[in-house]
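Here's the structure, in C-alpha cells; my notes come after.
The values are calculated or read from the model by the stated rules, or taken from the named source; none is laboratory data. Worth saying up front: this structure is predicted, and the values here are computed from it rather than measured. Here the Cβ positions follow ideal geometry from the backbone for every residue, glycine too, while neighbour counts run over all protein chains shown.
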Amino acid sequence: MILPWLVLIPFIGGLLCWLAERHSSTLPRWLALLTMGLVLLISLWLWQQGDFQLAPGGGRDPTWELEFKHVWIERFGINLHLALDGLSLLMILLTGLLGVLSVLCSWQEIQQRVGFFHLNLMWILGGVIGVFLALDLFLFFFFWEMMLVPMYFLIALWGHSAADGKTSRINAATKFFIYTQASGLIMLVAILGLVFANFHSSGVLTFDYALLLQAKLDPAVEYTLMLGFFIAFAVKLPVVPLHSWLPDAHAQAPTAGSVDLAGILLKTAAYGLLRFGIPLFPNASAEFAPIAMGLGVLGIIYGALLAFAQTDIKRLIAYTSVSHMGFVLIGIYSGTQLALQGVVIQMLAHGLSAAALFILCGQLYERLHTRDLRLMGGLWGRLNYLPGVMLFFAAASLGLPGTGNFVGEFLILLGTFKVAPLVTVIATGGLVLASVYSLIMIQRAFYGPAKAEGALRGLGGRELAMMLGLIGLLLLLGVYPQPVLDTSAASMHGVQQWLAIAFSQLLSAR
Amino acid sequence: MDLTLHHFIALLPLLVTSATAVLVMLGIAWRRSHTQSFVLSVIGLNLALLSLLPALQVAPLQVTTLLVVDRFACFYMALILVATLACLTLAHAYLGEKQGKGYPGNREELYLLMLLAAAGGLVLVSAQHLASLFIGLELLSLPTYGLVAYAFFNKRSLEAGLKYMVLSAAGSAFLLFGMALLYADAGSLSFAAIGTILAPAAQPGPLVQLGMALMLVALAFKLSLVPFHLWTPDVYEGAPAPVAAFLATASKVAVFAVLLRLFQLSPAAASPALQGLLTVIAVASILFGNLLALLQSNLKRLLGYSSIAHFGYLLVALIASEGLAVEAVGVYLVTYLLTILGAFGVVTLMSTPYSGRDCDALYEYRGLFWRRPYLTAVLTVMMLSLAGIPLTAGFIGKFYIITVGVQAELWWLLGALVIGSAIGVFYYLRVMVTLFMVEPNLRRHDAPFNWGQRAGGIMLLLVALLAFVLGVYPQPLLDLVLNAGLVQ
C-alpha cells in the first residue's frame, strides 16, 4: 500500500497548500516542504530496507521489489498497477530531493498566489512519481500527460518574459505543451497499436506491462510502434531535431519550474526508454540503435555549440542539458551493462548539477534582475560565496573527476567504446566543448571588468545550505557511487539482457 | 398494428414531454408566471426521465413502423432529457428571477419551445423510418429557430435566428430530395428494409449513393461539419447562452444518434465512395474547426468552432462503424455533452441576469480566478476536458475514439486527429491562461456572488464534478454505454 500513497501524498499536499493560502502566505510553503520531505523520507526508508535484487529483465517474467495492483477500467483490462525496482526508486529519490529544493528555492522568488503555485508544483511532482511507478501503459500515459498541465501553469503564470519581448512566457509554455501533447498522442496511438496487435495474436485485451512484454509482433509493426514511443520520449529528452521547446521553456520558467524540468521531467523520458521503449520492442530498438546513437552524438555537439553562443544564462544551461542528454541516449542504446549503469549515474548527477545551476541563476536574477551575460561581468568581487559555488557546479557540468557527472560520462563512454568506437570518439570530443561553454559562462559572468560598483547581497543561510547539500551529494556520487550502482544493477542488467538477445538475433540474421 | 399498453409504456418519455409542453402552454394562457412555467417544465422533464425506467422494461419494442424504443433509444433519450433539463435551469437563471430585472420580454415561451424541441429529439433518437426521421428533425429544428432569435430585440440574436432558419430549410430540402432518391431505388422508407433490399447488390446503385450523399449533407449541416459549418459561429454567438448550450448538446446528440442508427442498419452507407466522402468531411472538420478557432477572441464563437472539430473526431468512429464504434460514440457524446454544458454554463452564469448582451468576449474572463475561483475551476476542467487531458471526461472520450481508429486502422484520420488536437490545445490553453491572468481594471459582467447556491450553479458544479469523476473512474459509464448498444 505504500506505493499508491507515494503518488497520492503530493496531490493531497498540493490541495492543502491551495486551501492554506487564505490563512497565511508562508503556510503553503511549509506544507509543501513537509509533503516533499515526507516523500523523500519514504523513499529513503524504502531504499534502506530493500535489497533491489528483483527487477524485470529479458527472457523471463518481470519481478518487482514492491507491487500494487487494483482493477481500474475492466472494459479494457486496465489496472492501477504500480511497481518499484531499483531504477524507479532512484528516480523517486531524485524527485523527492529536487522537490524539496524547488520549494526552498521559491521561498523568496514567488510572492504572488503562493498557494496555487505550490498546488501546481506538487501536482507536477505527483505526476512524475506516477510516471516512475506506473506499469500499466494506460496509467503511464495518464500520468505522462497529467504532469503537463501544472507545468504549463507554472511557466505561464509565474515565468519571466524575455527582456527583448520576442518570446513571452505564455508562448513558451504553450510551445512546451503542444510539443509534448502532440508527441504524447503519437505515443497513445502506438500504445493502442501494441495493445491491439497483442489482442489479435493472444485474444486478451490488456494494457499490462508483463503481458505486453510477451506480445508477438511482426518486425515492421514492431519498428513502427517503437518509433511512436521513441518520438514521445525524444521530445521530452530532448533529442536534437525535436528540442526547440526546451530553451524557451527554461528561459521563461520560474526557478522551481526549471529545476523540475531539467532535473526530473527530462529524466522521465530516459526512464520511459529504459522501462518501456526498449523492453517492449527490443528487436526494433536494436535495429534502431545506430540511428539513436547518431542522434545522441548530434545532440551532444549541437547542444554544446549552441550553449556556447547564448547570452541568456538560463538558455545556456538549457542547451547544456541537450548536450548531456545526448550522452544518456548513447548509453541507453549501447546495450552494455557498464554504459547503462553510467546512464543512471549521469541522470542523477545531471539532475543535481542542472538543478543547482538553475537555482544559482535564479539567485543571480534576484540580485541583478537580469539573466543577460553581457550585463554581468566582474561579479566575483561583488558577491559572497555565489561565484565559487557556481564555479564548482560548472566544473561538475564539464565532467571534472570527483563529481558524479564524471562517473556517469566516463562509464557511458567506456561502455559504449566496445560496441561503437566511432560514436564514443566523437562524443568524447563533446567533453572538450563542455569545458569551453562551462568556463565561458563563468568567465563572462564573474570575471572581467565590473559593470557596476558596490557589493551585492551574498548567499543567505537557506541558499547556502541548499548549495552545500548539493555539493556534498555530487561529490559523494563522484567518489563513492557504489550504493547507487548496486541499487540499479539488477534493473540495468534486465535492460541489458533484452538488448543483448536482440543484438545477437540481429547479428545472426545478417 | 394494434397499440397495446406496452406500446404506450414504451412511448411514455415522449408522451410525458409532449404533455408537459401542452400543460406549459395552457399555463401561460391562464396566467403568465415565470416560476410556474419553469417548475412545470422541470417536473415534466424529470417525470419523463423517470418514465424511462418502465420504458426500459418493455424495450426493445417497435411502436408502429415509425419508431422503435430499444436500449439505444432509451440511452440517448436520457441524454437529451438531461441536457434539456440543464439548459432549462441555466435559462431560468439567465432570464432573471425577478420581474423588471433581467430579460425584458416574455420569458415563459422559452420553456415551451425548449420542451417542444426536446420532444423532437426524442422522436429522432427512436426513429427507424425516414418519415419519422424527418418529422423528428423538423420538430427539433422549428422551435430552435424561435429559441435562437428569442432575444429578438438584439440584432445579433435575430440575425442568427434568420440565418439558422434559412440554412436549415435548405438542409431539409436536401434531406427530402435524398429520401426521395433512396425510395426510388429501394421502395421502402424503413431503415432496416432499405438495408435488406439493398444488401444483395454488392455495389449500391448511383441513385442510392446520391440519395445517401444528399441526406448526409442535410445531417452534416445540423452537425455543422465542414463545409456545411458556416452558420455555426454566428448562431452560437448570436443565440442566448442557454440556447446555444441546447443547440450544441441536445440537438447535436439527437442528430448524431439517428445518423449512427441509419448507418448501422443500412449497409448502403458502406459504399467506398460514401466512406471517402465522409473521410474528407471528417479531416476537413477537424482541421478547419481547430484552425479557425485559433483566431477567435469570443468564447461562444470559439466553442462553436471547437464543436465543429469535435464532431469531426466523432466521425472517425462513424467511419470505423465496427468493433467498438457504437460504444465509442456513446461515450464520446456523454463526455462532450457534459463538457459543453459546463462551458456554456459558465458563460451563462457570467451573463446572468440578461442585460442586453452576453458576457462572451475573452477579455471579460481575464483574472476570473481571483474573483470567482470555483467558477474558474469549472471552466478550467471543461477546457481541459475539451482538449482531452487526463483526469477529465474528455480524455476518456478521446481515448475511445483513438482506440476505434487504431482498431479499424484509419491511419489518415488518426493523423488528422493528432494534428487537430495539437492545434486545439493552443486555444484551449489560451482561454485557460486568460482566466488566471492579472485582473484588468475595467469589468462589465460577473456572475452573481451567490451563483453556487442557485439551481443553475448547483447543476454546473455537479456537471464539473461528474466530468472529473468520469475522467478518473469511467467504468460505470462504460458499463452503461455497453448495455445501450444497437441490436441488429
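In region B:8-24, the residue that is farthest from the chain's Cα centre (by Cα) out of those that are closer than 17 Å to B:ALA127 by Cα and surrounded by fewer than 18 Cβ atoms within 10 Å (Cβ to Cβ) is B:PHE8. Listed by position, the helices (runs of 4 or more DSSP H) enclosed by region A:117-230 that each have at least 1 residues that are touching a residue at least 24 places away in the same chain (Cβ under 8 Å) and of a type in the set (Asp, Glu) are A:137-146.
Name the residue, out of A:GLN112, A:GLN108, that is touching a residue at least 40 places away in the same chain (Cβ under 8 Å), farther than 22 Å from A:LYS236 by Cα and within 11 Å of chain B (Cβ to nearest Cβ). On inspection, the qualifying residue turns out to be A:GLN112.
In region A:65-103, the qualifying residues are those that are free of Cβ contacts under 8 Å to residues at least 40 places away in the same chain and away from every other protein chain (no Cβ under 14 Å), and the one that is surrounded by the most Cβ atoms within 10 Å (Cβ to Cβ) is A:GLU65.
Remark: pairs (first residue in region B:468-488, away from every other protein chain (no Cβ under 11 Å); second residue of a type in the set (A, V, I, L, M) and not in a helix (DSSP H, G or I); Cβ separation under 9 Å; 6+ apart in sequence or on different chains) = B:PHE468/B:LEU391. Filtering region A:44-66 to residues that are in a loop (DSSP other than H, G, I, E, B) and under 30 Å from A:VAL100 (Cβ atoms) leaves A:GLY50, A:ASP51, A:PHE52, A:GLN53, A:LEU54, A:ALA55, A:PRO56, A:TRP64, A:GLU65.
Here's a check for you: in region A:139-156, which residue that is under 12 Å from A:GLY257 (Cβ atoms) and over 15 Å from the mean Cα position of the chain (by Cα) is nearest to the other protein chains (Cβ to nearest Cβ)? Within region A:139-156, the match that is nearest to the other protein chains (Cβ to nearest Cβ) is A:ALA156. Of the residues making up region A:240-260, not a single one is free of Cβ contacts under 8 Å to residues at least 60 places away in the same chain and within 12 Å of chain B (Cβ to nearest Cβ).
A:ALA349 falls short on exactly one of the conditions (1) farther than 30 Å from A:SER285 by Cβ; (2) buried (at least 24 other Cβ atoms within 10 Å of the Cβ), and that condition is (1). Within the option set B:TYR76, B:TYR103, being among the hydroxyl-bearing types (Ser, Thr, Tyr), buried (at least 18 other Cβ atoms within 10 Å of the Cβ) and outside any helix (DSSP H, G or I) holds for one residue only, B:TYR103.
If the condition is being more than 10 Å from every other protein chain (Cβ to nearest Cβ), over 23 Å from A:PHE153 (Cα atoms) and buried (at least 20 other Cβ atoms within 10 Å of the Cβ), then region A:172-204 contributes A:MET187, A:ASN198. Can you find a residue in region A:216-227 that is in contact with a Leu (Cβ under 8 Å, 6 or more places away or on another chain), farther than 30 Å from B:VAL433 by Cα, more than 14 Å from chain B (Cβ to nearest Cβ) and at pLDDT below 90? For region A:216-227, residues in contact with a Leu (Cβ under 8 Å, 6 or more places away or on another chain), farther than 30 Å from B:VAL433 by Cα, more than 14 Å from chain B (Cβ to nearest Cβ) and at pLDDT below 90: present.
Restricting attention to region B:371-396, the residues that are under 15 Å from A:GLU145 (Cβ atoms) and either in contact with a Pro (Cβ under 6 Å, 6 or more places away or on another chain) or surrounded by fewer than 23 Cβ atoms within 10 Å (Cβ to Cβ) (or both) total 2. Using the structure shown, decide if B:LEU56 is under 24 Å from B:PHE191 (Cα atoms), free of Cβ contacts under 8 Å to residues at least 60 places away in the same chain and buried (at least 18 other Cβ atoms within 10 Å of the Cβ). It is true that B:LEU56 is under 24 Å from B:PHE191 (Cα atoms), free of Cβ contacts under 8 Å to residues at least 60 places away in the same chain and buried (at least 18 other Cβ atoms within 10 Å of the Cβ). For region B:320-330, does any single residue satisfy the condition of being among the hydroxyl-bearing types (Ser, Thr, Tyr) and more than 17 Å from the chain's Cα centre (by Cα)? Yes, some residue in region B:320-330 is among the hydroxyl-bearing types (Ser, Thr, Tyr) and more than 17 Å from the chain's Cα centre (by Cα). Taken together, the criteria exclude A:LEU133 from residues that are within 11 Å of chain B (Cβ to nearest Cβ) and buried (at least 24 other Cβ atoms within 10 Å of the Cβ).
With respect to (1) more than 14 Å from chain B (Cβ to nearest Cβ); (2) closer than 28 Å to A:TRP498 by Cα; (3) modelled with pLDDT under 90, the lone exception for A:SER43 is condition (3). Scanning region B:387-408 for residues that are closer than 21 Å to B:ASP479 by Cβ, assigned to a loop (DSSP other than H, G, I, E, B) and more than 8 Å from every other protein chain (Cβ to nearest Cβ) yields a single hit, B:THR392.
Figure legend. Inter-residue proximity from region B:357-381: first residues part of a helix (DSSP H, G or I), second residues charged (D, E, K, R) and surrounded by fewer than 17 Cβ atoms within 10 Å (Cβ to Cβ), beta-carbon distance below 6 Å, spacing 6+ or different chains. Indicated pairs: B:TRP370/B:GLU439.
Going by the conditions given, is B:SER33 modelled with pLDDT under 90 and farther than 23 Å from B:LEU338 by Cβ? Spelling it out, B:SER33 is indeed modelled with pLDDT under 90 and farther than 23 Å from B:LEU338 by Cβ. The sole residue among B:SER157, B:SER190 that is touching a residue at least 60 places away in the same chain (Cβ under 8 Å) and farther than 30 Å from B:LEU287 by Cα is B:SER190.
Across region B:163-207, the number of residues qualifying as touching a Ser or Thr at 6+ places or on another chain (Cβ under 8 Å) and β-branched (Val, Ile, Thr) comes to 2. Scan region A:17-45 for residues that are among the hydrophobic types (A, V, I, L, M, F, W, C) and surrounded by 20 or more Cβ atoms within 10 Å (Cβ to Cβ) and report the count. The number of residues fulfilling the criteria is 7. Those helices (runs of 4 or more DSSP H) of region B:169-266 in which 2 or more residues are of a type in the set (Val, Ile, Thr) and more than 26 Å from B:GLU322 (Cα to Cα) occupy B:231-238. Residues of region A:57-93 that are of a type outside the set (Lys, Arg) and over 30 Å from A:THR35 (Cβ atoms): A:GLY57, A:GLY58, A:GLY59, A:ASP61, A:PRO62, A:THR63, A:GLU74, A:PHE76, A:GLY77. Checking each residue in region B:409-419 for being in contact (Cβ under 8 Å) with a residue 40 or more places away in the chain and either on the phi > 0 side of the Ramachandran plot or at the interface with chain A (Cβ under 10 Å from one of its Cβ atoms) (or both) picks out B:LEU414, B:LEU417, B:ILE419.
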